[in-house]
Amino acid sequence: MNNLRTRQSIALSFLAGYVDTVGFIALFGLFTAHVTGNFVLIGSELANPSHGVLIKLLAFPAFIFAVALTRMAVIWLERGGRAPMFYLLLLQLVFLLGFMLAGYLAEPVTNSRAPLALLAGMLGAAGMGVQNASSRLVLQHLTPTTVMTGNVTQVIIDLVDILRGAATDEIRQRCRKFFWPIVAFGAGAIGGAFAYKHLLFLALLLPLALLLWLSVKEYLSEKTGTAAPSTL
């Protein structure tokens, strides 16, 4: 497995847990990475009316737009003979920078219908929509980085086979492959919670720095020809 891609998978899992937790705490229970989780919250809030439904509803078109934009960007870049991952990381960085700035300008966020709060939620969902799409389009041979339920399920299945002595080398390698992104996601969720408690939306400076670092590493690897090819 390409070392760069492995590091990206772990780093992006950390980022997803971190950003999802910041969005959830800051924006009235909004999931930005695990966007389908908003279905449950929307149903709950419709049954017990509150003021957090609109921000969750608007996250869906923003997420869909970002996924579609990512798909079209990958097609366009590959037709031009360019590896897409560097540009996708920059696109995600732009959306998450907008997420941070809109949230920062909206502070204190006390009204879920405030325009800047809605914009922040949409930009956060768009940023994580890019990451979700990237996992499917460019990094599909690695562990998914935004939704951990399937990863945890696979790790438990593999651990059972390992403990009963029926695991092949392939199963052991797959268990390691899935294990570290799960740990990174959990660490990101905890880190995001504590960071938001002290820094509010400026807590997003860390994932922005992480994306910038990943972008630089991707650019340098492409220049030296060490990046793993896209497998569309």
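The values are calculated or read from the model by the stated rules, or taken from the named source; none is laboratory data. Keep in mind that this is a model prediction, so the values were computed, not measured. Using ideal geometry, Cβ is built from the backbone for each residue, glycine included, and neighbour counts are taken over all protein chains shown. Side chains are part of the model used for accessible areas, which takes the heavy atoms of the whole protein and leaves out ligands, DNA and RNA. Shrake-Rupley method; radii C 1.70, N 1.55, O 1.52, S 1.80 Å.
Exactly one residue out of 225, 165, 192, 150 is open to solvent by less than 70 Å² (accessible area, probe 1.4 Å) and within 30 Å of residue 104 (Cα to Cα), and it is 192. Would you be able to say whether some residue in region 80-90 is under 30 Å from residue 174 (Cβ atoms), free of Cβ contacts under 8 Å to residues at least 40 places away in the same chain, in contact with a helix residue (DSSP H, G or I) (Cβ under 8 Å, 6 or more places away or on another chain) and not β-branched (Val, Ile, Thr)? The answer is yes, given that some residue of region 80-90 is under 30 Å from residue 174 (Cβ atoms), free of Cβ contacts under 8 Å to residues at least 40 places away in the same chain, in contact with a helix residue (DSSP H, G or I) (Cβ under 8 Å, 6 or more places away or on another chain) and not β-branched (Val, Ile, Thr).
Condition check: among the charged types (D, E, K, R), free of Cβ contacts under 8 Å to residues at least 40 places away in the same chain, open to solvent by 60 Å² or more (accessible area, probe 1.4 Å) and more than 30 Å from residue 97 (Cβ to Cβ). Does residue 136 satisfy that? No.
Report yes if residue 163 is of a type outside the set (S, T, N, Q) and at pLDDT 95 or above, otherwise no. Taking the combined requirement at face value, the residue does not satisfy it. Report yes if some residue within region 33-51 is under 15 Å from residue 96 (Cβ atoms) and either at pLDDT 85 or above or of a type in the set (D, E, K, R) (or both); otherwise report no. Yes, the conditions are met somewhere in region 33-51. Kindly indicate whether any position in region 122-133 is open to solvent by less than 60 Å² (accessible area, probe 1.4 Å), part of a helix (DSSP H, G or I) and β-branched (Val, Ile, Thr). Within region 122-133, one or more residues are open to solvent by less than 60 Å² (accessible area, probe 1.4 Å), part of a helix (DSSP H, G or I) and β-branched (Val, Ile, Thr).
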